[in-house]
Each structure stands twice: as C-alpha cells, then as structure tokens.
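The values are calculated or read from the model by the stated rules, or taken from the named source; none is laboratory data. Remember, it's a predicted structure, so these values are computed and weren't measured experimentally. So basically every Cβ, Gly included, is an ideal-geometry build from the backbone, and we count neighbours across all protein chains shown.
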Amino acid sequence: MVRPESYGNKIYYTDDVAEKYNSSTSLNNIQSKLTQKCLEILGNPTDSLILDIGCGSGISTENILDNNNYTVGIDISTDMLVLAKQRVEGIMYAEQPASDYCDFAAVDIGEGLPFKSASFDYAISVSVLQWLAVQKDSKKLLNAFFYTLYDVLKTKGMAVLQYYPESEKQMESIIKCASKYGFAGGTLVENQDSKKKRKTYLILEMAGAKGSSVHIKEKKKASTFKKPVANKDLSYRDWIIRKKNKRESKGLSVPRTSKYTGRRRG
C-alpha cells in the first residue's frame, strides 16, 4: 500500500480528502491522543506559546488550546487551514473566543519556518515529518526545517515531533540532521514490537532545556545528540559552521569542514 506522503501534501490533501479526514471519528481520536502524548512529553505546559507544525484541520490545535496555551497552527494545505479555522470558531475560553488565543498560517515547512528568532516556548507536530523525509530533495528540506526550528525556539524550548519513519536508516538520517543544528534529545518509541501500533517521537531540546525530559533520561537506549550550541555562545568556528550549514540548506556549495576551519590565517 502506498503511503499518503508519497503523493506530496499539496496533491494528496485536496478539499475532498481534507473534509473526509476532518469528519473521521477514528482519525480525530488518534490525532487527539498523539497530540496529548506530545504535550505530556513536554511536561504538559500551560500559558505557553506553542507552534503547531502541520496542524491540519485543527485537531491538535484544539488540544493545545484546551491545555490553556496559546498556539500558531501552520500547514501547507489551505483546505486544511479553512477547516482548522472553522473548528475553533465558537469555542470560548474564559469568556474569550478561541481566535484570541490562536492564529493560523499557510507555511511550507520544507522551505523553513518564517518566524522571528526565539518566538516559541515549544513546538509539536503530529504525523508530519515523514512528508519531508520521503521527498527526492529530502536532505535539503530537512536542513531548512531543522535549521529554522532551532532558530524560532526559545533558549529553554523543546519540540516533540511524532512521525512514522519508513526505516531505521531514515530515522537515523533525521536524527543526524537535527543534531547538526544544535539540538540535544532523543527518540521515544512506543509499542516497538508492533508494526501497526508503533509510535515514534523525536524529542528535541534547546541548550537551556537539556536533560529536562524524563522520557529521555529514562530511555537508556534512546538516541542522543551532540551537545547543543546556544545561539548567543557561538565560538568563531561554530559561527562559521552554522553559516556553512545555512548555505548548504539552501542547496549552495560549501567548502569541506576540517580541523583548520575557523583558525586564524597567517
């Protein structure tokens, strides 16, 4: 059976498909449970600004709002965003409309996240990351995504990205990509022995949040990343490497990094 992401988001999620997705009770229940799990891994934050990556028809957005948070929901599908806005219409929180606590935007995350640095306390995504990983130019798309995700999170921020990796190799490739931009963290896998019920969560920590997730500390075999580099504490060498990674994420050619990178010449 061909996985939906193989078609590409713009092609697969037409208005008809989006409506069927939105009206499916089982899919609504599954997405709600996955969102709640992501929030649980984050420590069930409240009164925080959370980026809802690939918000779809707003199932995850509603769950974030129900936990007393603010949120910005982004998706590449405008048909999905129409449904997301409709979902929160009429919902009230403390006598204020839900629209006062959330916003939506059409964003192609493969081109990066168009927000100011250190905008969000947390970020979550449910069943999204695999859409980037299966594309022909997946390396370029993932580079742009993780580079800008690191940039838009606050120093003590975290992100939990639930997704369905095709293989162990693909999962390792995604972890490697995230780590080179400064993230620490690990991978939590539920129901590992069941292909049908298995759920994978990529847990990413900024420098100020390192080690704060009990799911990482308790998971002995969880994949760990290299020590994160805080934006404000970059050495000259680290600054050069980040600039090179940024150019690489745009598909530009960059010189090979060596032990001489960042050294004074002459």
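Please go through the range 154-181 and give me each residue that is within 28 Å of Ser48 (Cα to Cα) and over 11 Å from the mean Cα position of the chain (by Cα), ordered by number.
Selection gives Lys154, Thr155, Lys156, Gly157, Tyr164, Ile174, Ile175, Cys177, Ser179, Lys180, Tyr181.
Using the structure shown, decide if Ala207 is surrounded by 20 or more Cβ atoms within 10 Å (Cβ to Cβ), in contact with a Gly (Cβ under 8 Å, 6 or more places away or on another chain) and either at pLDDT 95 or above or in the same structural domain as Ser127 (by TED's automatic domain parsing) (or both).
no
Six or more apart or on different chains, Cβ under 7 Å: which pairs go from a residue in the range 172-186 that's assigned to a strand (DSSP E or B) to one that's among the hydroxyl-bearing types (Ser, Thr, Tyr)? Could you list them?
Close Cβ pairs (under 7 Å, with a partner that is among the hydroxyl-bearing types (Ser, Thr, Tyr)) amount to Gly186/Ser223; Gly186/Thr224.
Could you say whether any residue in the range 43-58 is in the same structural domain as Lys156 (by TED's automatic domain parsing), part of a helix (DSSP H, G or I) and surrounded by 16 or more Cβ atoms within 10 Å (Cβ to Cβ)?
Looking for residues that are in the same structural domain as Lys156 (by TED's automatic domain parsing), part of a helix (DSSP H, G or I) and surrounded by 16 or more Cβ atoms within 10 Å (Cβ to Cβ), one finds none in the range 43-58, hence no.
I'd like the residue in the range 137-171 that is in a helix (DSSP H, G or I) and among the acidic types (Asp, Glu) and, out of all such residues, is modelled with the lowest pLDDT.
Of everything passing the filter in the range 137-171, Glu168 is modelled with the lowest pLDDT.
If you take the residues of the range 93-106 that are out of contact with any Gly (no Cβ under 9 Å at 6 or more places or on another chain) and of a type outside the set (Gly, Ala, Ser), which of them is farthest from Val72 (Cα to Cα)?
Ranking the qualifying residues of the range 93-106, first place goes to Glu95.
Could you please give the count of residues in the range 67-99 that are of a type in the set (D, E, K, R) and surrounded by 14 or more Cβ atoms within 10 Å (Cβ to Cβ)?
Result for the range 67-99: 4.
Only one of these is in the same structural domain as Thr35 (by TED's automatic domain parsing) and free of Cβ contacts under 8 Å to residues at least 24 places away in the same chain: Lys154, Lys136. Name it.
Being in the same structural domain as Thr35 (by TED's automatic domain parsing) and free of Cβ contacts under 8 Å to residues at least 24 places away in the same chain holds for just one of Lys154, Lys136, which is Lys136.
Answer yes or no: is there a residue in the range 211-228 that is closer than 25 Å to Lys33 by Cα, among the charged types (D, E, K, R) and at pLDDT 90 or above.
The answer is no, given that none of the residues of the range 211-228 is closer than 25 Å to Lys33 by Cα, among the charged types (D, E, K, R) and at pLDDT 90 or above.
For the range 35-58, which positions are in contact (Cβ under 8 Å) with a residue 60 or more places away in the chain and β-branched (Val, Ile, Thr)?
Thr35, Ile41, Ile50, Ile53
Does Ile109 count as surrounded by 16 or more Cβ atoms within 10 Å (Cβ to Cβ), under 30 Å from Lys246 (Cβ atoms) and touching a residue at least 40 places away in the same chain (Cβ under 8 Å)?
Yes, satisfied.
So how many residues does the range 67-87 have that are touching a Leu at 6+ places or on another chain (Cβ under 7 Å) and not in a strand (DSSP E or B)?
Matching residues across the range 67-87 total 1.
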